[in-house]
1. For the chain, what relative contact order do you get, as a whole percent, if you take Cα pairs closer than 8 Å and at least 6 residues apart?
2. How much net charge surrounds residue 174 when only other residues with a Cβ under 15 Å from its Cβ are counted (Lys, Arg +1; Asp, Glu -1)?
3. Students often get this wrong: which residues of segment 19-34 have the backbone nitrogen under 17 Å from the point 7 angstrom along Cα-to-C-beta of residue 147?
4. Using the Cα centre of segment 27-124 as the reference point, and only Cβ charges (+1 on K/R, -1 on D/E), how large is the resulting charge dipole? Debye, rounded to the nearest 20.
5. With each pseudo-label sitting 7 Å past Cα toward Cβ, what's the residue 137-residue 183 distance in nm, one decimal?
6. The list (1) 60, 38, 28; (2) 44, 34, 31; (3) 42, 38, 31 gives values of Cα extents along the principal axes in Å, and only one came from this structure; which label was calculated from it?
7. Give me the one-decimal nm value for the distance between modelled label points at residue 161 and residue 79, 7 Å along each residue's Cα-to-Cβ direction.
8. For segment 99-189, taking Cα atoms only, what is the radius of gyration to one decimal and the Dmax to the nearest whole Å?
Amino acid sequence: MSISEPLGEKKGPYAGDLTREEEIARILRVDHAGEYGAVRIYQGQLAVFGPKHPLAGKLRHMQEQEQEHLKAFEQLLTERRVRPTMLTPLWDLAGFALGAGTALLGEKTAMACTVAIEECIDGHYTEQKEALEGDERETDLKAKIEQFRAEEIEHRDLALEHGAQQAPGYRFLYEAIQAGSRLAIWVSSRV
């Protein structure tokens with residue numbers, strides 16, 4: 001790159017650049033990990049609240065949608081011969097612990113967790129959708145991401161309706177969960 005060439009504009013392949021196939025593999029790997037973690041978060045919340053809790057039906061609905069997202073990404077990983085992240089055992093424990101921990105702090109804190117996670121995923125899916133723009137080979141993947149993003153927004157809105165922003169320490173909790181989610185996204189896409 002010459003000094004006169006604007007930063008960020010590439011004139012050709014460079015060492016370390018990902019191929020399109022590697023980019024898609026990262027998308028599938030991280031989305032699978034994220035959906036796996038989301039299922040575990042709702043399982044943790046349901047374990048604490050129990051089946052008769054007023055939020056149990058809504059939590060089960062969200063968990064079922066996340067399970068469908070996970071199933072779709074599991075199928076795509078298999079079809080495209082992409083390995084899942086090696087950190088799945090960590091996300092298994094971390095997701096359940098985050099769900100159970102926030103539920104132990106009360107309904108509003110559990111809902112604050114949902115808002116933080118779903119807003120992070122909304123931004124992540126939006127970036128992926130933009131990265132797939134114009135790629136005619138990936139229209140099905142882009143459509144799935146758009147559908148799943150809409151459902152994640154639905155989860156966020158439901159959590160807001162149930163008092164997420166009234167959780168004690170909401171802003172701190174929100175920022176901490178967002179930071180952890182962004183880190184998990186970055187690591188899961190690479191490991």
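1. Reported relative contact order: 27 percent.
2. Local charge sum for residue 174: 0.
3. 28, 31-32
4. Roughly 220 debye, rounded to the nearest 20.
5. The answer from the label model is 3.5 nm.
6. It is the value labelled (1).
7. Going from the residue 161 label point to the residue 79 one covers 3.2 nm.
8. Over segment 99-189's Cα set, Rg and Dmax evaluate to 14.7, 46 Å.
The values are calculated or read from the model by the stated rules, or taken from the named source; none is laboratory data. Predicted model only: the values in this text are computed from it and were never measured. Quick reminder, even Gly has a Cβ in these numbers, built from the backbone with ideal geometry, and neighbours come from all protein chains shown. The accessibility values were calculated without ligands, DNA or RNA, using every heavy atom of the protein model including side chains. Shrake-Rupley method; radii C 1.70, N 1.55, O 1.52, S 1.80 Å.
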